[in-house]
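Written out below as structure tokens is the structure these notes cover.
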Amino acid sequence: MLNYTVTTGYMPMKSKGKVLAKIFFIAYTKDPPPGANINVTRNKRPITFLFNGGPGAAAVWLNLGCAGPMRVKLTPNGNVTPPPYQLVPNHQTWLEASDLVFVDPVGTGFSRRSSGVPGKEFFGVQQDIASVASFIRLYTTLYQRWGSPKFLAGESYGTTRACGLADYLSTHDGMTLNGVILISCALNFQILTPN
């Protein structure tokens, strides 16, 4: 049996003391064995930041359909069951190997910009990368994970975000990643939209 702790919340994105947006996240951390030093265990254990693509896609499907410790119950042929929907343990969860932080970039899921803040602050390739990088830096600091091996996992447009983040985190925040996972790659937009 896998024992873990779930943390959900909002990370405020600030500039000059003003909250520009709040980024929603769900984090799963595997509980250390009884008697283990939590700080030593935490810094040896990998952490993976996961996000879906866009436009407007929250991390819910990576969470409940792929990597999280619970998944949506499916019929034997892979379809969603009729209501009421159910969650069942995910026996292929990535939590066995890494703690997981599912991130909803601004404008997806429950993440929203503050009233009066223009969309151009977040809705562009570089703006999106900068805001998600800020979230990752703040989470890593607040939850004392700088010593952990760090990974990114992006799906669809999230693969473009992950590639940009790898460079941005290294050059702007001094955070070197241990790996990047690309799911359903969307790196060559000419293939997706030839015209």
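With the full set of protein chains in place, find how many percent of the accessible area of the chain is carbon and sulfur; take the probe as 1.4 Å. Each step should come with its number before you reach the end.
On the way: 6060 of 10610 Å².
Ligands and nucleic acids excluded, carbon and sulfur give 57 percent.
Please report the net charge: other residues with Cβ closer than 14 Å to the Cβ of N52, K and R +1, D and E -1.
Residues near N52 contribute -2 overall.
For K18 and V88 in the same chain, what is the full-extension length gain: residue separation times 0.36 nm, less their Cα-Cα distance, in nm? Before the final figure, lay out each step's value.
Details: separation 70, 0.36 × 70 = 25.20 nm, distance 4.09 nm.
That works out to 21.1 nm of additional length.
Using a Gaussian network model of the chain with C-alpha springs under 10 Å, which one of L64, L169, L142 is most mobile by mean-square fluctuation?
Judging by the Gaussian network model, the answer is L142.
Leaving out ligands and nucleic acids, note down the accessible area per residue over the chain with a 1.4 angstrom probe, in whole Å². Walk me through the intermediate numbers first.
Working: 10610 Å² over 195 residues.
It amounts to 54 Å² per residue over the chain.
Between V6 and D167, take the C-beta separation as r, use R0 = 30 Å, and let me know the FRET efficiency to the nearest 0.05.
Values: r = 31 Å, r/R0 = 1.03.
Efficiency, from the Cβ-Cβ distance: 0.45.
Let me know the charge dipole size of the range 1-148 about its Cα centre in debye, to the nearest 20, where only the beta-carbon of Lys, Arg (+1) and Asp, Glu (-1) is charged.
420
Tell me the Kirkwood hydrodynamic radius of the range 49-130 in angstroms, computed as one over the mean inverse distance between distinct C-alpha pairs. Don't skip to the end; give the middle numbers.
Details: mean 1/r = 0.0688 Å⁻¹.
Hydrodynamic radius (Kirkwood, Cα only) of the range 49-130 equals 14.5 Å.
Using DSSP, restrict attention to beta bridges with both residues in the chain and report what percent are antiparallel, rounded to the nearest 5. Don't jump to the answer; show the numbers that get you there.
Values: 23 of 37 bridges.
Bridges in the chain that DSSP calls antiparallel: roughly 60 percent.
Just want the answer: with Cβ charges of +1 for Lys and Arg and -1 for Asp and Glu, which residue in L182, A21, S98 is farthest toward the dipole's positive end in the chain?
Positive-end residue among those listed: A21.
In the range 1-43, whose amide N lies under 20 Å from the spot 7 Å out along Cα-to-Cβ of K73? List them in ranges.
2
Go ahead and estimate [θ] at 222 nm for the chain from helices alone: -39,500 (n - 2.57) per DSSP H run with n ≥ 4, summed, over the residue count, rounded to 500. Intermediate values should be presented prior to the final figure.
Working: 4 runs with 46 residues, N = 195.
Value at 222 nm, helices only: -7000 deg cm²/dmol.
How big, on average over all directions, is the shadow cast by the Cα convex hull of the range 1-59, in nm²? Can you show the working numbers first?
Values: hull surface 25.2 nm².
Directional mean of the projected Cα hull area for the range 1-59 stands at 6.3 nm².
The values are calculated or read from the model by the stated rules, or taken from the named source; none is laboratory data. Please read all numbers here as calculations on a predicted model, not as lab measurements. Note: ideal-geometry Cβ built from the backbone for every residue, glycine included; neighbour counts use all protein chains shown. Side chains are part of the model used for accessible areas, which takes the heavy atoms of the whole protein and leaves out ligands, DNA and RNA. Shrake-Rupley method; radii C 1.70, N 1.55, O 1.52, S 1.80 Å.
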